[in-house]
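Everything below concerns the one structure shown next.
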Amino acid sequence: MGRHRQFDEGEALSAALSVFWQKGYEGTSLEDLTKATGVARPGLYASFGNKETMFLKALDLYDTKYLGFMTDALDEPTSVKVVERILRDSARLHTLDPAHPGCLGLNGGLACSEDAETIRRELVRRRTSTQAGLQQRLERAKKEGDLPASSNAAVLASYVMAVSQGMAVQAKAGASRKSLEALARQVIDLWPVR
């Protein structure tokens, strides 16, 4: 009876994350994953389940390893500092590695077919949750007098998320970090102040 090849699951998941980030969920084949991880299909299935489960685990790793700034930004003292941190760190993340520019969540789910509907829904759920957290922080800024009373926190949160997501799309198309940071500065310059 043959011995199963031993491998580091964390390293394999990091390699899979990189492939999903580069190619998206549906653009990534099992062959891509076995090549990137160096693990044969039976080993991948035994450790991670199917491709969908592996993507969701990679998405959790991405959230933990790369998206902590979104939560940390909510602790900034003013709404403009919150937005500045989100957009500055988004520009950094979207241009972090030329092998996989943009955002895993957007790259992973922009072109999902009906077969990947559960992935699309999960990506939407995560983006909605992040936006809701930002909206709550902006509501607090209104109550504290940091934003004008006439400000619409829901619209402002949607605006910031749309800019961040647009930056990811631009990075995927080759935009530089410098150009994304200039866009972030423009948003900051236009941010409503009391």
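Derivation of every value follows stated rules applied to the coordinates shown; laboratory data play no part. Given the structure is predicted, the values throughout are model-derived calculations rather than measurements. All Cβ positions, glycine included, derive from the backbone under ideal geometry; neighbour counts span all protein chains shown.
Key figures
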| read-out | value |
| --- | --- |
| Long-range amide H partners of T95 with built H, under 5 Å | G102 |
| Label corresponding to percent of Cα pairs over 26 Å apart when calculated from the structure given, among [x] 33; [y] 39; [z] 25 | [y] |
| Sequence-distant lysines (8 or more away, or on other chains) whose Cα lies within less than 26 Å of K143 | K81 |
| Magnitude of the charge dipole, the chain, Cβ model with Lys/Arg +1 and Asp/Glu -1, debye to 20 | 220 debye |
| Table column - 3J(HN,Hα) (Hz), the stretch 10-22, Karplus curve with 6.51, -1.76, 1.60, x for Gly and Pro | x, 5, 5, 5, 4, 5, 5, 4, 4, 5, 4, 5, 6 |
| Helix-only mean residue ellipticity at 222 nm for the chain, each DSSP H run of n ≥ 4 adding -39500 (n - 2.57), per residue, nearest 500 | -22500 deg cm²/dmol |
| Point-charge dipole on Cβ atoms (K/R +1, D/E -1) for the stretch 41-134, about Cα centre, debye to 20 | 80 debye |
| Potential extension, E139-A40 segment - 0.36 nm per residue separation minus Cα distance | 30.7 nm |
| Cα lying deepest toward the dipole's positive end in the chain, options N50, N107, A73, charges on Cβ | A73 |
